[in-house]
Amino acid sequence: MSKKGIPHTATVSFVFVFMMFLFSFQSNLSLLSRSNVTSSITKSKPVTVSGEREEQAARSSIQSGIVRGKREEQPELSPSHHPGAVTKAREDMRAPSPSRADVKNVITCDCSHDYYDMWSINGPTLLDPITSTFFAIGATDSTPPDFTVKFHPYPRKTDENAKSKVNELTLTSAPPKSSCGVTHSSPAIVFSTGGYTGNFYHQFNDVLLALYITVNSLSLNQDAILVVTNWSEWWVKKNADLLHQFTKHPIVNMDNQTRTHCFPSAIIGLITHGPFVVDPALLPQHKTLLDFHALLENTYGPRGGYAPASDRPQLLLVNRRNGVGREILNLKEVLEEIEEVGFKAIVFEPKRDAPVRETYTLLHGCHAMVGVHGAALTHLLFLRAGTVLGEIVPIGADWLAKTYFERPAGVLGLEYMKYKIEINESSLAERYGADDLVLKNPSGFVNGNYTKAKVYMKTQNVKLDIVRFRAYIKEVFVKARRFMDNEG
């Protein structure tokens with residue numbers, strides 16, 4: 001018998017309906033939750049930048065390490081490098097050409113370094129030489145067709161003056177209007193011989209040594225095609241023997257091409273580790289500047305060694321003239337002292353059109369090289385280990401001398417000997433007075449303004465104190481004589 005109130009059947013029906021409602025609500029909530037999670041994942045999935053606003057944002061963060069005119073702080077892995085990025089580029093170039101479905105990041109940049117940026121097209125690449133444009137013809141749906149970047153392929157990325165002398169190239173994921181005219185089976189390494197390469201120091205540090213580092217970083221074993229812009233006929237001919245140590249293929253002058261060229265992939269730009277630096281920690285085979293030095297000897301060195309040309313040690317005196325600054329004003333007296341102490345003196349005035357092999361033979365056979373700080377001291381790369389390198393350091397050139405020549409000389413096993421001039425030996429003393437800030441505190445005078453630094457590099461000459469120089473050159477002779485007796 002039921003009690004008065006709600007009937008039993010009604011109670012059961014109410015409970016049943018309530019439970020069905022609750023179950024339906026939870027199911028819908030669960031579906032809604034899954035839908036929201038999926039939506040969230042889709043929205044947070046990384047995509048390649050597209051559209052004008054996104055492209056501008058990307059360029060501001062990746063090009064040249066510059067943000068609103070100020071350099072970004074670099075990671076403290078190395079003064080100029082991140083090894084992982086180089087490893088990634090090496091893997092991309094050695095791997096088979098990917099299909100459209102496999103390529104995720106077709107155009108990438110290793111832009112985290114102080115000295116250089118290196119762009120990669122990680123898949124089939126078409127070069128249109130007429131417009132200086134590299135097309136990523138392996139682009140995927142994830143790569144917007146309007147992604148474009150312009151780049152100067154020269155490893156001095158913050159030097160606007162150098163870049164103004166380098167052709168600007170375009171890299172894009174937009175479809176090309178032409179098909180392949182010439183098809184290559186090896187990847188391209190693209191670089192410029194513009195910039196400062198008319199200067200002997202820069203032609204080595206900015207191009208030849210940088211090319212050596214790049215090729216070894218990517219482990220290409222001569223299987224890359226060198227594609228050159230700002231082509232200089234004299235430069236390529238002069239350095240042809242060394243350039244062909246890096247490639248077994250003909251070198252492409254992209255400035256005079258009329259047909260398109262296709263490559264399985266491309267590296268645009270060169271790697272540098274700093275002023276005459278080869279960092280073994282950043283190369284797969286841990287090579288150093290000594291290995292580059294050995295490559296030069298293998299390329300230019302005479303077979304069978306060197307026959308002594310004299311019974312006296314030979315000293316090459318590097319002479320600067322023609323109003324370029326840092327000339328030795330009392331050259332005749334200096335040469336007399338060099339001869340009197342026991343050297344056979346040779347005045348060396350580098351010429352642009354001189355055959356490298358001839359110059360190498362001359363330098364490699366001497367026992368000492370002395371000169372005022374300048375690009376010609378780059379010839380230290382042609383000296384044998386144990387040779388004396390004497391650098392006459394003008395006022396205001398201390399840091400440059402240490403960075404560009406003293407440190408590399410130590411790596412190469414040279415006997416570095418510095419002759420630091422005094423104020424009375426500088427022509428600037430007559431122009432400004434011995435007590436002027438220009439002579440007393442060069443760093444304070446320059447204060448970061450390179451234009452002022454030209455006072456020391458372009459307008460300063462030296463007149464060596466013969467008494468001081470005599471004592472110096474005697475020490476040079478002792479070491480050079482010892483080297484000659486040991487090595488010939």
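Every number here is computed from the coordinates shown, using simple stated rules; none is lab data. Not measured: the values here are computed from a predicted model. Using ideal geometry, Cβ is built from the backbone for each residue, glycine included, and neighbour counts are taken over all protein chains shown.
Extent of the stretch 400-488 along its three principal axes (Cα atoms, max minus min coordinate, largest first): 47, 30, 17 Å. For the peptides 384-394, 234-244, the ranking by packing is 384-394, 234-244, with the highest mean count of neighbouring Cβ atoms within 10 Å listed first.
Rounded, prolate or oblate, given the Cα gyration tensor of the stretch 332-449, with a/c below 1.5 counting as rounded? Prolate shape, in that a/c is at least 1.5 and a/b is the bigger ratio. Structure note, pairs K344/K463; K452/K474; K157/K237; K287/K474: Cα-Cα distances above 32 angstrom occur for K452/K474; K287/K474.
Sorting 420-427, 251-258 by average packing, meaning the other beta carbons within 10 Å per residue, from highest down gives 420-427, 251-258. When a/c is below 1.5 the answer is rounded, else prolate if a/b is larger than b/c, else oblate, so apply that to the stretch 189-277 with a ≥ b ≥ c taken from the square roots of the Cα gyration tensor eigenvalues. Because a/c hits 1.5 or more and a/b fails to exceed b/c, the stretch 189-277 counts as oblate.
In this calculation the C-beta distance from N449 to K420 is compared with R0 = 22 Å, giving a FRET efficiency of 0.40. Modelled this way, with points 7 Å down the Cα-to-C-beta line, the labels at D436 and T359 are 3.4 nm from one another. Summing +1 for each Lys or Arg and -1 for each Asp or Glu, what net charge is found among the other residues whose Cβ lies under 13 Å from the Cβ of K420? Net of charged neighbours comes to -3. Summary of packing: across the peptides 408-418, 341-351, the per-residue average of other C-beta atoms within 10 Å ranks them, highest first, as 408-418, 341-351. Mind running the shape call on the stretch 275-397? Use the C-alpha gyration tensor, a ≥ b ≥ c as the square roots of the eigenvalues: rounded below 1.5 for a/c, prolate if a/b tops b/c, oblate otherwise. Oblate is the answer for the stretch 275-397, as a/c is 1.5 or above yet b/c matches or exceeds a/b. Annotation for the stretch 389-407 versus the stretch 251-294: alpha-carbon center distance of 27 Å. Simple point charges give the picture: +1 on the Cβ of Lys and Arg, -1 on the Cβ of Asp and Glu, and for the stretch 315-422 a dipole about the Cα centre of about 420 debye.
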